[in-house]
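Quick note: the coordinates plus some simple rules give every number you see, no bench work behind them. Small disclaimer: the values here were computed from a predicted structure and weren't measured. Cβ sites come from the backbone with ideal geometry, for glycine too, and all protein chains shown count toward neighbours.
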């Protein structure tokens, strides 16, 4: 398991509007084709995709790690747990609703 700790307390996305739109499309595509489960956990969410989509998940997490530095990511193959304290918890759940 790889853990990428949050490096900011500011709950904000730094993607441009166009990049945000493209990233949202990529998440929707991944969810529609490969989402196995979505579970609320303390501080946020755990998402699991089909094992064959682990690389696509990693690519999206790499984008999210850069633009949403307030999230701690724990990536284990096709499973990612995303957490943040305070307002970040609700934001995570809303972003990946």
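Which of the peptides 54-62, 26-34, 73-81 is most tightly packed, and how do the rest follow, judged by the mean count of other Cβ atoms within 10 Å per residue? Write down the numbers at each step before the final one.
Numbers: 54-62: 16.1, 26-34: 13.9, 73-81: 18.1.
Those peptides, ordered most packed to least, come out 73-81, 54-62, 26-34.
If I take every Cα pair under 8 Å that is 6 or more residues apart in the chain, average their sequence separation and divide by the length, what percent do I get for the relative contact order? Kindly include the intermediate steps, with their values, before the conclusion.
On the way: 146 pairs, mean separation 35.7, N = 97.
RCO, the chain: 37 percent.
Got a sec? Which residues in segment 64-97 would a label at residue 9 touch, if it sits 7 Å along Cα→Cβ and we count backbone N under 16 Å?
69-72, 84-89
Quickly rank 10-16, 45-51, 90-96 as a protection proxy: mean count of other C-beta atoms within 10 Å, highest first. Numbers along the way, then the final one.
Details: 10-16: 13.0, 45-51: 17.7, 90-96: 15.6.
By packing density, highest mean first, the sequence is 45-51, 90-96, 10-16.
Tell me the label only: which of [x] 13.9; [y] 18.6; [z] 13.3 is Kirkwood radius over Cα pairs in Å as calculated from this structure?
Of the labelled values, this structure produces [z].
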